[in-house]
1. Please compute one quarter of the surface area of the Cα convex hull for the chain and express it in square nanometres.
2. In nm, what is the difference between 0.36 nm times the number of residues separating Arg918 and Thr1030 and their Cα-Cα distance?
3. With a Förster radius of 30 Å, plug the Cβ-Cβ distance of Ser531 and Asn1281 into 1/(1 + (r/R0)^6) and report the FRET value to the nearest 0.05.
4. Please tell me the relative contact order of the chain in percent, rounded to the nearest whole number, where contacts are Cα pairs under 8 Å and at least six residues apart.
5. Label Leu251 and Leu1199 with points 7 Å out from Cα along Cα→Cβ: what is the distance between them in nm?
6. Ordering Thr576, Thr635 from largest to smallest accessible area (1.4 angstrom probe), what's the sequence?
7. Sorted from largest to smallest, which semi-axis lengths in Å does the alpha carbon gyration tensor of region 970-1024 give for its equivalent ellipsoid, taking the root of 5 times each eigenvalue?
8. What number, rounded to the nearest 500 deg cm²/dmol, is the helix-based mean residue ellipticity at 222 nm of the chain, given -39500 (n - 2.57) per DSSP H run of at least four residues and division by all its residues?
Amino acid sequence: MAQKSTTSLTPRFFDIVLRKKKGTEYWPRLTRDKERLAYVKTDFGRWLDEDEQGNDSDHDSEQDTPPETPKSEQILDEPSASFRDTPGITELTDSQRDDACELNIAAQLLLLRFEQLGEISDLNEAISCLERAARLAPVEGPLSSEILDHLGMAIREGLDGAEIPDINKAMLVFEHAVDNMANIHPAKPRQLDNFGVSLISRYRRYGERPDLDKAISSFERAVSLTPDGHPDQLVRMENLGTSLKLRFERLGEIEDIDNAILNLERVSSGTPLGHPDESRRLTSLGNSLMFRCGLLGGIPDIGKAISSFERVASLTPEGHPEETGNLRRLATALMARHMLLGEMADMDKTISTFERVVCLTPDDHPDKIELLDHLGHLHGARFESNAEIRNIDSAISNFDRAVRLTSDRDPNKPSCLSRFVKALNIRYERLDKTPDIDKAVSSCEHAIRLTSGLPEEAQYLNTLGNSLQSRFEHLRETPDINRAISNLHRSICLTPDRDPDMPGRLSNLGTSLTWRFRHAGDRADIDAAVSNFERALHLTPSGHPDEPEHLEKLGTSLGVRFERLGEISDIDRAITCNEKAIRIIPDENRKKPSYFISLRNLLRARFRRFGEMPDIDKAIVVIEHAVRITPEGDTNEPGHLASLGNALMARFPRSGLTDDIDKAISNFELAVCLTQESAVNMPVWLSNLGISQMMRVERLESVRDMDNAIPNFEKAIRLTRDHDAEMLPRLNNLAVSLKTRFAVTGEVSDIDKAIQTLERAVELAPEDHSMKSLLLKNLGASYQRRFEKREQSSDISHAIRAFSEAALLRTGPPSIRFDSAVSWSQFAQLNPDTAKRQSSSLEAYTAAFALLHRLSWLGASIDSRYQQLLSARTFACDAAATALAAKNPLKALEWLEEGRSVVYGQILQLRAPMDDLRKVDPNLHEKLTSVATYLDEGASDNYQFTRGQDEYEQAPQRRSRLALEFETLVNRVRELPRFKTFLLPKLSSELQDAAQHGPVVVLNISRYGSDALILMSPSEPVDHVHFEDTLFGQAEKFQSLLQDTLTKRGLRERHFGNDLEFDSPAPSEEDTIFRIILAWLWNSIVEPVLERMESLHLEVRDHQYIRMQWCPTGPLMFLPIHSAGIYNEDGTISISLMDIAISSYTPTLSTLLDSPRQTTDSSTKQNFKLLAVIQANTPGAPLPGTKVELKHIQDHASLWALPVVTLEGSDATVANALSGMAESPWVHLACHGVQDLAHPTKSGLILADGRLKLSEIIKRRIPHAEFAFLSACQTATGDGNRPEEAIHLAAGMRMAGYQGVIATMWSIQDNDAPFVAENVYAQLFDGGTPASDKGAIALHSAIRCLQERCKGRLFASWVPFIHLGA
């Protein structure tokens, strides 16, 4: 039998010792777990409560031990009965009620009975007794302190349980008693601490801030009155620290948390090692440090917190109830430091610590599922950091255990399944293991069943849709993508617009629709995808973290639609979206490299369409940056390397740099090496590797590359499903490589296989697929190759069918369709049936002309348009020859006008007067002229738009948008009455007006026939002269001969010296060549034309010259038709065109229609001004003759007081010259000229600070411009690669508005230029009225004089001067 319980009762002190019977449990309300009565001592150690620390046993140190009293065993043997039956508790006499000691005793008994029975009335009565006792007891006596101890405990009991009506009154009594207690009273610190604890209890109950402030004040006073070394000093400092932390949480004042930590650190450091409270105090300090670290990010704080938690963990015995909690706190702190510093050691220790927590927690513990889930997250986070598969394996294992331990009835089961699915998807993306994605799908379906009809159902439908899409991306099973879209759509239907998850779900649906469009090609899918991305972006606030992702996805979908359908606005908008996404996404975001990849893809797509070099250059810069910021070993590394290879490969045909293609191949090879064969991107890398190898074959003729490329293509095709969107380009690439090998080896099996491959691709391609035109074009080319080998007529018909189908498709790149139309026309020429040949050819050319304006699109820069027109080199001439063969000279004239000088014509179109439109619709006129002006000004690559430009819109996008707007406005104009033909190519009836001031001869030269079209007057029908069939070949031969002669003699640049001697007695080899060429021009071209004109009754008065305009084509563009004649070796002339006619040249007939013949008002003496730009001292190549030129100009002008503005030497800058040209109707430029064959628009005149480029001249629109004299070399030398495009300085001056231009076909002598200039200006200024319309006459006279000075020889000296314009 255990020792009996005892009780001791005196007027001063009440003490009870309770001892349990053998084999029985402690009373429930006296166990440590309840921590109710701090004044009750138990056998399990000191009694403490979080809010009442330090209040127990205070009487031990501050009061005397009470004397022994008789023990009452009955009270404790039967506690419930004894409390009910104890007399005198509620039946006190009046004298007893007035005795503080008795009231104190009664209150203690009442409190004890309240603890046993829970009767609120007992607690109320106890508080009432203690209030009265506190008022009756002497303040300085020991009883008062004891009463206050009991009152504080009773108040906290009341605050901890049911509402006590008089609790505030009791607090006031307590406060009054403490305030009245002297500071020197030994119990004052304890009562201040006791009162503070009570205030904290009331604060926790009601949240009133004054209670918290007053509690902190009480604790501060208690600490200040407690001497150092006092046993309760640390307890009171701890209470102060805890209350300061509470106020910091309420108000956020940094000073509070700093002071809290300062007190808790003092408490911790003052606690002896091994003290029972050491763990608790270290934990409290660690929690406060973590709190401040979370707010301020202090690294020292988190280090101290980890040290505290580690000490606590080491003090905790195995199996202790607090062991798991202490380990969790340590793990949380370690993870927080990992997040701040990124140290993997902290992550590793976090996981190992948490694994101990999970192991210590039994499966039936209510926290076990949460712990497994958290451990799974930690393994997942470590996988994201180091990409080690074991980590994602561990994450999946823990999530799987959590799922299995969670009952279907548990509301958390769906979220457990969702986390499990996410981890499975991650591993599937990495390892491509089908069981993972299958398990993910089935788990999603399980979650949906559990949430059917609940708000959470939408979330799991979204997750299922994403998982099905992921499985489709790898397996390409159509039911998967259909189910994905269905579930994602259901998810959106269940989601309110204002739900923060709505944008993400719309984006997911857009992604799935994009995948299905790539797979099946249904236009409705890509349109719906774009719409969903737009809606997602609209619902996302500006600055939201998801905004960049929505922009990038919208851009990608627009790019996909552009690739398939070719809408120019799509690609421009796509690039704008991606560029904005890159600007606003933080650099540290791991997705940023993928955004660079997307932008690269879009820039490359636009480059393939328009050939703008800045696009592909920027794409390479973008992807190189993405590669640099991608960590080595990152799963995205192969994709980034392949993207860089793609960009370099795309640039190679334009740059011609072997380094580009070598680097491209190296990047593709590395991407293949880093990719598993089962990976979804492996066929992509293999195909691109094969393409790059074939491109190097074309440049270096490496058979080894070709033999490597073909197996790569074949393997890529084996890894691709038939209906995969990438199957078409892979089949095409294999076919092209086989065709190329056939051309090298002649192996017929290769070309047969190429044709079979392309026929399969054409069959798989939907009708509106953008690649179908390319596939058909390549199929036609393959038949053509086989025909050249076998000469089977069936191949001709197959080729024509393929080319014609490609040309007539409504989708596909215009360049591909245009090339197909040209190939169709060329192959049609092989048909032996004349009627069928002409009919098919004319149909082909009609299709080509319909595409010409798309090939050279206004939305592209001028340089890009010239690049695109390389494929149209002889197109217009061949078309005209075909029309002439079909006896249709009017169609030939129209086609020549439409198909030549295309860019020139577009510039004139933008500058065309629209007065008639202004009268009919002023608003439409204003809009159209405004857009035309912006397009005209922004045609160059480096132009920066400033007016009305969107913040994110760059020049290429701006041009594209304006071009589309221009087309829309023009179509609106054509809907107006009498404007149906507005800005359409001119009809022959309109073109004939070009001859209103004299005959115009259009010389068409083609391999299919050469003719002269003669326009005698607007009223006479167009006549033509057919030349010999060999003329085209002869013209090419003489063009080459002249070019070689000029190059050999160095006549490509104006120079100073007398290399050509006027008194040379014998003809030079050079002169002999000139005589041959000029004689051929006379005999073969000029004489037949003049004879035909004579037969048309051309009236020529005595001693008058015919005023003729020549419009040559092809090789004739580079031959001096104006000087054609029979020149004898002795210097005499038998006959020449100069004896009969004054010749001018025009690039097109439209320029004559747009150039008024009469002199404008600015040419009157009053308004006349001539700008003379002279550059005599060019370093290394002085031109002293330019000063002589200037002197001649000034002399003739001064005779008539005509103003001349001079820019000479350092003043002759590009800016000054352009500024002067804008103010002067006449301009004379005497300097060096440079022709840039690689970039024709960069040709120009060398001035003091650089080159006055053709591109700058073209941009100018000078309405009062009249006459320009370009006294420099090669100012009228065209581009041999684009003979039908007027790409030279003289044409640029015409575009700028100058009505007449004197220029040179090649270099001129420095002493010839002043002679010509003097004679020209003498005639132009004669009489004092400048006459710009006499430029051709003045030049003709000047050249005749120079010819005489050269004694009929030295052709290179006087032949190069020509006149362009009216």
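1. The Cα convex hull of the chain, projected and averaged over all directions, gives 72.2 nm².
2. 35.2 nm
3. 0.10
4. 4
5. Distance between the two pseudo-spin positions: 10.1 nm.
6. Ranked list, largest accessible area first: Thr635, Thr576.
7. Square roots of five times the eigenvalues give 29, 16, 8 Å.
8. It comes out at -19500 deg cm²/dmol, rounded to the nearest 500.
The values are calculated or read from the model by the stated rules, or taken from the named source; none is laboratory data. Nothing here was measured: the structure is a model prediction, and the numbers come from that model. Cβ: placed from backbone, ideal geometry, glycine included. Neighbour counts: every protein chain shown. The area values use the complete protein model at the heavy-atom level, side chains included, leaving out ligands, DNA and RNA. Shrake-Rupley method; radii C 1.70, N 1.55, O 1.52, S 1.80 Å.
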